[in-house]
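Note sheet for the following structure.
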Amino acid sequence: MIKRAAFRGQLLPLLLLAPQLLILAWFFFWPSAQALWQSLHISDAFGGGARFVGADNFTRLWAEPAYLLAMQVSFLFSALTAALAMGMGLIFAILADRVVRGSVLYRTLLIWPYAVAPAVAGALWLFLFHPTIGIAAWLLNERLGLGWDPALNTAHGMALVVFAAAWKQLSYNFVFFLAGLAAVPRSVIEAAAVDGAGPVRHVVTIVLPLLSPTTFFLAVVNIVYAFIDTFGVIHTTTGGGPAGFTTTLVYKVYRDGFVGLDLGASAAQSVVLMLIVVVLTVLQFRFIERKVSYA
Amino acid sequence: MRRMMLAAAAAAALGAMPAIGVSPAAAADQPVKITWWHAMSGQLGQSLDDVVAKFNASQAKYRVEAVNKGNYVATLNAAIAAYRAGEPPHLLQNNESGVLTMMLSGAIVPAHDILAKHGIKVEVNAYLRPVIDTYTDREGKLLAMPFNSSTPILYFNKEMLDKAGIAAPPATWQEMEAQIRKVKAAVPGACGYSFPGGSSTAWVEFENFSVYHDIPYATKANGTGGLDAEIVYNKQPLLVGHISRLKRWLDEGLATFGAADKATWASGARNNFLEGKCAFWADSTAWHGTVEQGAKMKWGAGPLPYDAAKKPNRSMIGGAALYSFKGHKPEEYAGIAEFFRFLTSADLQVSFHKATGYVPITVAAWEKAKAEGYYKEKPTREIAVLQLLQGAGTDNARCMRLGNFENVRAAQDEELDKLWAGKVTVQQALDEGVRKANEIVRRFAEQNRGKI
């Protein structure tokens, strides 16, 4: 029997929920409603002279080459970041799972990056890969002769932001994968060992399918993170350059709204971004969840 | 029992709160507070703080509190957010690219009105015309009190020029090219033109170049004549030729970026010059203080070079002015008027000019500095003033007054990235930059339809 908390009457539960609901309403629903309202109007920089223009702000987006570029950049960036963050998180989790001595130390150190704010993570990576003063940049240029130049080379710029964003999310994935690995039944592992499964076979055939609920959950979270939470990383490293090739949709919302002072277009972009993330999540639930085997 | 004690304690705490609340101060003898949000940090920020301290010390009725809110974009955004929340600051420092936005915002009280209400008349000819014209609307009303204005000049490495046997800095860009070649031959490993790239390029190589050579950056007197102005600099052969020259210099090694990283292009270019690595650096006269203190070699300065194909007119300013917001109390506006009066006093202008390198705003201040012999002691300080006053105030000499101009500069910057990376030709980069820029200008006109 599942234990449930039981309340007599409605008042106490409502009162207990009230602070959270208030915060939700104040910081999420009200700003979202305002963004929706603003996306249907055109106004000047100070918010005055607002005129209703219907869907005009939205239709103008599709005619703007910069917006289509931002769309492509976003999808590419998110795919790369999610793949890298989840892939490395899984590898570290598998390795950390096998460690016996000092395992607490390894796990703690691998979890720390999650506590770093995105903007700080971006600044850290900028220092490392700064073409003039960065150690990693020095290695790339002097030892490997790469010509590292995230200021003018679009591939280098994208690589920098992908690594910085993935590094931050890696620890989050690591925690969940580690927990998922711990939930793999010992009997299955022993049976596989008895049957002579090598390490690769072990991971691919036994562990990954049993991890699929965790993987699915993390895929959803990582995609949402890459689309929305990575503003700080991009702002502190490449600033959307070079030539707009690291300007993701969320960064363009900032650029158009706060540098360009075009509140209507910026609000329309944020509405579209929200819809994209919602659709992606729904698609994931509809099509990928079928392949997830819950124990 | 425990529940009753907890309830009693809570009641006692709640009851005690009014007593520790805000005590009504004797407001009568407190100075009227005036908040000023500005965008100056570092050495310039300190000079600004000195100005504020002088004002506060000179009288007891008003007290200005200056707060640095980041760069110009961040400061403007903070002010917009504050205004929409109904709590705008008293004064906002905003730069010359925001004049049209502020003018049409409906959120400011023109400086002219505040001063007139307190019996202070604005004598336009008492000011340096390029400075005051930037912040005046079409009816000739002063919108904001100019605070810091500068113009680009040419700094040069005297030691390098001496080694190459060059007596005087170049007057034209063509001469500069010849001089760079001589310097590179005489000083192995020297860099020629220290190129900041980024937003400094827009102000020096596009906007000032256009104004200096009396060619249009945009129609309708660079936008002053109406919201339907169109940016046309990509159609000016002289400007296209200049950008082609810069690109060629970069390719041939006659010019170098300040750093390999775009975020530090500008400071890198400055540092390279200060460390004596480069022969030439064209940037704001407001860097005088930094150059005087930080240059590791003998340096000199001269007027901005011009293209030999055309005689120069005058250059244009960059900098900022103080706007005042609506919705404040009458005594606070009186304080603002007093502060404006203080800012235009010749003594303050001269001391600010000496401390920072920004040009004096009033003719009287310039005359005072001359009378004191300041320019005999430091002749390079006068270059900017003379450069701003030479020639005539033609239509093309007007400072750009285009909507969302920071966005225009950003669009142009993005296209220039492609040019520096060698992906497009000069004309393609300029054409695409102008196409995007005109869209931004038209969008601004739409946002402000019916206002002028």
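Just so you know, all these numbers are worked out from the coordinates, no wet-lab data involved. Note that this is a predicted model, so its numbers are computed, not measured. Here the Cβ is made from the backbone with ideal geometry for all residues, glycine too, and neighbour counts use every protein chain on show.
Set Lys and Arg Cβ to +1 and Asp and Glu Cβ to -1, take the dipole of chain A about its Cα centre, and tell me which of A:Val292, A:Ala265, A:Leu69 lies farthest positive.
Positive-most Cα among the choices belongs to A:Val292.
Relative to the compact globular guide of 2.2 N^0.38 Å, what is the alpha carbon radius of gyration of the protein assembly as shown, as a ratio?
Working: Rg = 30.4 Å, N = 747, 2.2 N^0.38 = 27.2 Å.
Taking N as the residue count of the protein assembly as shown, the ratio is 1.12.
From the C-alpha gyration tensor of the range A:39-121, pull out the three semi-axes of the equivalent ellipsoid (sqrt of 5λ each), sorted largest to smallest, in whole Å. It would help to have the intermediate numbers written out before the result.
On the way: eigenvalues 428, 60, 15 Å².
So the three semi-axes of the range A:39-121 are 46, 17, 9 Å.
Please report the spacing between the Cα centers of the range B:249-301 and the range A:226-295 in Å, no decimals.
38 Å
Once the mean 1/r over all distinct Cα pairs of the range B:189-236 is inverted, what Kirkwood radius in angstroms do you read off? Don't skip to the end; give the middle numbers.
On the way: mean 1/r = 0.0827 Å⁻¹.
One over the average 1/r among Cα pairs gives 12.1 Å for the range B:189-236.
For chain B, evaluate the Debye formula with one uniform point scatterer on each Cα (no solvent term) and list log10 I(q)/I(0) at q = 0.07, 0.10 Å⁻¹, rounded to two decimals.
Treating every Cα as an identical point scatterer, log10 I(q)/I(0) equals -0.39, -0.75.
Along the charge dipole of chain B, Cβ charges K/R +1 and D/E -1, which of B:Met400, B:Pro170, B:Ile80 sits furthest on the positive end?
B:Ile80
Distance from the Cα centre of the range A:89-166 to that of the range A:191-214, in angstrom?
Rounded to whole Å, the Cα centres lie 29 Å apart.
Dividing the Cα radius of gyration by the Kirkwood radius, what Rg/Rh value follows for the range A:105-173? Could the numbers behind the result be given before it?
Values: Rg = 13.2 Å, Rh = 12.8 Å.
Over the Cα atoms of the range A:105-173, Rg/Rh equals 1.03.
Enumerate the calculated ³J(HN,Hα) couplings along the range B:89-101 in order (Karplus 6.51 cos²θ - 1.76 cosθ + 1.60, θ = phi - 60°), each rounded to whole Hz, writing x wherever the residue is Gly or Pro.
Along the range B:89-101, the couplings run x, 6, 10, 10, 8, 10, 8, 5, 7, x, 4, 5, 4 Hz.
State the extension gain, in nm to one decimal, for the chain segment bounded by B:Glu159 and B:Glu123, taking 0.36 nm per residue of separation less the distance between their alpha-carbons.
Values: separation 36, 0.36 × 36 = 12.96 nm, distance 4.45 nm.
Extra length available between B:Glu159 and B:Glu123 comes to 8.5 nm.
Which of the trypsin sites (Lys or Arg not before Pro) found in the range A:31-121 are in a DSSP loop and have at most 14 neighbouring Cβ atoms, other than their own, within 10 Å? Write out the running numbers ahead of the final one.
Details: sites: A:Arg51, A:Arg60, A:Arg98, A:Arg101, A:Arg107; in loops: A:Arg101.
Passing sites in the range A:31-121 are A:Arg101.
Quick one: longest stretch of chain B between exposed loop trypsin sites (Lys or Arg not before Pro), exposed meaning at most 15 other C-beta atoms within 10 Å and loop per DSSP? Walk me through the numbers before you get to the answer.
On the way: sites that count: B:Lys61, B:Lys121, B:Arg138, B:Lys141, B:Lys296, B:Lys298, B:Lys310, B:Lys326, B:Lys423, B:Arg449, B:Lys451.
Maximal segment without exposed cleavage sites: B:142-295.
Let me know the charge dipole size of the range B:120-279 about its Cα centre in debye, to the nearest 20, where only the beta-carbon of Lys, Arg (+1) and Asp, Glu (-1) is charged. Intermediate values should be presented prior to the final figure.
Values: 17 positive and 17 negative charges, 62 e Å.
I would put it at about 300 debye.
Could you work out the longest stretch of chain A that avoids the chymotrypsin sites (Phe, Trp or Tyr not before Pro) located in DSSP loops with at most 13 other Cβ atoms within 10 Å?
Details: sites that count: A:Phe7, A:Tyr294.
Formally, the longest exposed-site-free interval is A:8-293.
Compute the Rg to Rh ratio over the range B:123-237 from the alpha carbon atoms, using the Kirkwood formula for Rh, and round to two decimal places. Present the calculation step by step, with values, prior to reporting the outcome.
Values: Rg = 18.8 Å, Rh = 17.3 Å.
Ratio of gyration radius to Kirkwood radius for the range B:123-237: 1.09.
Hey, got the Cα dimensions of the range B:27-70 along the principal axes, in Å, largest first?
Computed over the Cα atoms, the extents are 35, 19, 7 Å.
Rounded to the nearest angstrom and ordered from largest down, what semi-axes does the equivalent ellipsoid of the range A:120-262 get from its C-alpha gyration tensor (root of 5λ)? Intermediate results must be reported in sequence, preceding the final value.
Values: eigenvalues 293, 89, 25 Å².
One finds semi-axes of 38, 21, 11 Å for the range A:120-262.
Once Lys and Arg get +1 and Asp and Glu get -1 on their Cβ, which of B:Pro216, B:Gln428, A:Val233 lies farthest toward the positive end of the dipole of the protein assembly as shown?
A:Val233
What three numbers, in Å, describe the spread of the alpha carbons of the range B:412-452 along their principal axes, ordered from the longest?
Here the spans come out as 43, 13, 10 Å, largest first.
Going through the DSSP H helices of chain A, which span 27 Å or more along their own axis at the Cα atoms while scoring at least 0.0 as a mean Kyte-Doolittle hydropathy? Can you show the working numbers first?
Working: long enough: A:65-98 (50 Å, 1.49); A:154-182 (41 Å, 1.20); A:263-283 (30 Å, 2.37).
In chain A, the long hydrophobic H runs are A:65-98, A:154-182, A:263-283.
Pull up the cross-link candidates among the lysines for B:Lys69, meaning alpha carbon to alpha carbon under 29 Å and not fewer than 8 places away within one chain.
Hits, sequence-local ones excluded: A:Lys168, A:Lys252, B:Lys33, B:Lys54, B:Lys61, B:Lys141, B:Lys262, B:Lys326, B:Lys329, B:Lys354.
How big is the antiparallel share of DSSP beta bridges in the protein assembly as shown, given as a percent to the nearest 5?
Details: 26 of 41 bridges.
Counting DSSP beta bridges with both partners in the protein assembly as shown, the antiparallel share is about 65 percent.
Could you tell me the largest-minus-smallest coordinate of the C-alpha atoms of the range B:186-315 on each of the three principal axes, in descending order and whole angstroms?
Ordered largest first, the range B:186-315 gives principal extents of 47, 32, 31 Å.
As a test of understanding, state the convex hull volume per residue of the range B:304-432 from its alpha carbons, in Å³. Don't skip to the answer; put the middle values down first.
On the way: hull volume 24.4 nm³, N = 129.
Taking the convex hull of the Cα positions in the range B:304-432, it is 189 Å³ per residue.
Using only alpha carbon pairs under 8 Å that are at least six residues apart, calculate the relative contact order of chain B and give it in whole percent.
Numbers: 767 pairs, mean separation 105.1, N = 452.
With pairs under 8 Å counted, the relative contact order is 23 percent.
Run the lone-cysteine check on the protein assembly as shown: no other Cys C-beta under 4.7 Å from the residue's C-beta.
B:Cys399
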